[in-house]
Amino acid sequence: MKLVIAQMKHETNTYSPVPTPLARFAVGGGSPPEGDAARAAYRGTGSAIAAFIELADAAGADVVIPIAASAWPSGPVEDAAFEHIAGRICAAVAAGCDAVLLDLHGAMVIDDCDDAEGEIVQRLRRIAPEVPIAVTLDYHTNLSHVLVDNATVITGYKTYPHVDMYEAGMLAGGILVGALDGMIEPVMAWGWKPLLASIMRHAPEDGPSGDIVHFAKRMEADGNVLAATLFPSFPHADTPYTGLSAVVVGDARHGGRQHAQAVCTHMLKMAWDRRDEYVFRPVPLAESVARAKALGQGNPGAPVLLIDHCDNCGSGGAQDVMDVVAEALRQELEDIAIAPIRDPAAVARMIDAGVGQHVKLALGGHTDMPSIGLRGAPLTVEGRVQAITDGEFVVTGPMYTGVRMHLGRTAVLDTGRAQIVVTERPHEPFDLGVFTHAGIDPASKRYVMLKSRIHYRAGFKPIAAHIVECMGAGVTNADLSVYPYRKLTRPIFPLDPM
């Protein structure tokens, strides 16, 4: 048995000012890994592609990995980058195979196409009309009919933070192997609702998604369906497909089509009936920081987390907006660790100065965001260079376990009140390693400020006494009314009366 296994992952924020060339998909520089290098990068990790590799090896299959491309969220992917990645995958399938397993995202937009995942799977279907194709997708997928019509099996993550990527891969791959063995005849039902759900209301532990996911798991466990997935959407991608959806896989040999449709319909109804719970209602920044300060002064015995969710690189943010940092310093929070601020020029300044030296920096604020009318505003800070690192560490927490992270050159500025981790490359802090690799123990701090939305919970929630969400500024703003949508399918809740 010959299997083609590939990865093409990017969550595209169409309002992000951060460009997305091919180099952004590289692992630690160069170009995206292929073949043995891709296997070495992902085998044994907590990822969907790792599950595919493990299943293929267990089956004794001949495996071809034409490319494993994954990039931090940013603006639309350049056509040349997409064509490079898609070209590698298409060439491998054209060379002949028995099945294809794809680790995709589901919200990738390229210069000339609003549905990159649908485009790649459609191209593969034209090349190999009868070859089964299994796809895993991110929780924040904007699902299109093109992708559903051309895939054999689709599964997605059920967690946020995404700590079940490996399990989603195992589920999709297991169904595909069953189909190849003649034991399963997969059929899919899917549906979409005009519901633009704020990402800060996506976490299963916070709102309606939890009950929907619980129902989906129960249907899988009861054997009614093979797989059931909710996709709350990625609302920062302005496309006709943006909105909440669900996909359910059944077995046609056992009434699977009818069961799949019934489960899918019920999942979507649950979401629509509770749609108001997907609306995010912000609190003014100064009020949030004051609340965090008061909680920290109460000697909680563990850090208070301040979550700067409007400038999260994990959703396409520039990661250099300084509003929350400035307010925390203005209100004189003591003993606060901050990570990360992306500012290559500041890193270079600190490296040139050296550890122990005093520096004064215009930190962050170098990125304008014309899509939402926001100009960059650096923050003047000064202090001692505390540490310099290569920015590399291996994740030990539950999300992307075992994957090596590449922050680029990294430096820590100690202002007296704050220890600020400054990096050359973007990184959403979902693992303690963003601090510990630079010699900072976040668990010992009074306050920890993170540029994240929900993924921080994977590594930092266990050490937190309290969590305070801080409404700063940026292209990952949870208030969806700030975005000038042009391509959305309208009307859509909550932007329109429905």
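Side notes on the structure shown:
- Computed Kirkwood radius, in angstrom, where 1/r is averaged over Cα pairs of region 285-477: 16.2
- Projecting label points 7 angstrom from Cα along Cα→Cβ for ARG218 and VAL394 puts them 4.1 nm apart.
- Globularity index of the chain, i.e. its alpha-carbon radius of gyration over 2.2 N^0.38 Å: 0.96
- Set of lysines near LYS451 by C-alpha distance (under 17 Å), chain-local residues within fewer than 8 positions excluded: LYS461
- Neighbour counts of other Cβ atoms within 10 Å put ILE467, ILE372, ILE5 in the fewest-to-most order ILE372, ILE467, ILE5.
- Taken as Cα centroids, region 387-411 and region 426-462 sit 12 Å apart, rounded to the nearest whole angstrom.
- Ignoring aspartates and glutamates fewer than eight residues from LYS293 along the same chain, the ones with Cα atoms less than 14 angstrom from its Cα are GLU327, GLU332, GLU334, ASP335, GLU469.
- Of every Cα-Cα pair in region 356-405, the percent that sits beyond 14 Å: 71
- Take the Cα of ALA80, step 7 Å toward its Cβ, do the same at GLU382, and the gap between the two points is 4.3 nm.
- R0 of 25 Å, Cβ-Cβ distance ALA91-ARG43: FRET efficiency to nearest 0.05: 0.65
- Prolate/oblate/rounded call for region 237-297, Cα gyration tensor, a/c under 1.5 rounded: prolate
- √(5λ) per eigenvalue of the Cα gyration tensor, region 335-435, largest first, Å: 22, 19, 12
- Rounded to the nearest 20 debye, dipole of the chain from Cβ charges on Lys, Arg, Asp, Glu: 580
- All-pairs Cα distance distribution in region 438-488, expressed in whole percent, bin size 5 Å: 4, 14, 24, 18, 14, 11, 6, 5, 3, 0
- The simple Förster model, with R0 at 35 Å and r as the Cβ-Cβ distance, assigns LYS2 and GLN258 a FRET efficiency of 0.55.
- Cα gyration tensor shape of region 2-278, rounded if a/c is under 1.5, else prolate or oblate by comparing a/b with b/c: oblate
- Distance cut-off 19 Å, percentage of C-alpha pairs in region 53-171 lying past it: 47
- Cα convex hull of region 304-351, projected area averaged across orientations, nm²: 4.1
Values quoted throughout were computed directly from the atomic coordinates according to the rules given, and no laboratory measurement underlies them. Worth saying up front: this structure is predicted, and the values here are computed from it rather than measured. Cβ atoms come from the backbone with ideal geometry, glycine included; neighbour counts cover every protein chain shown.
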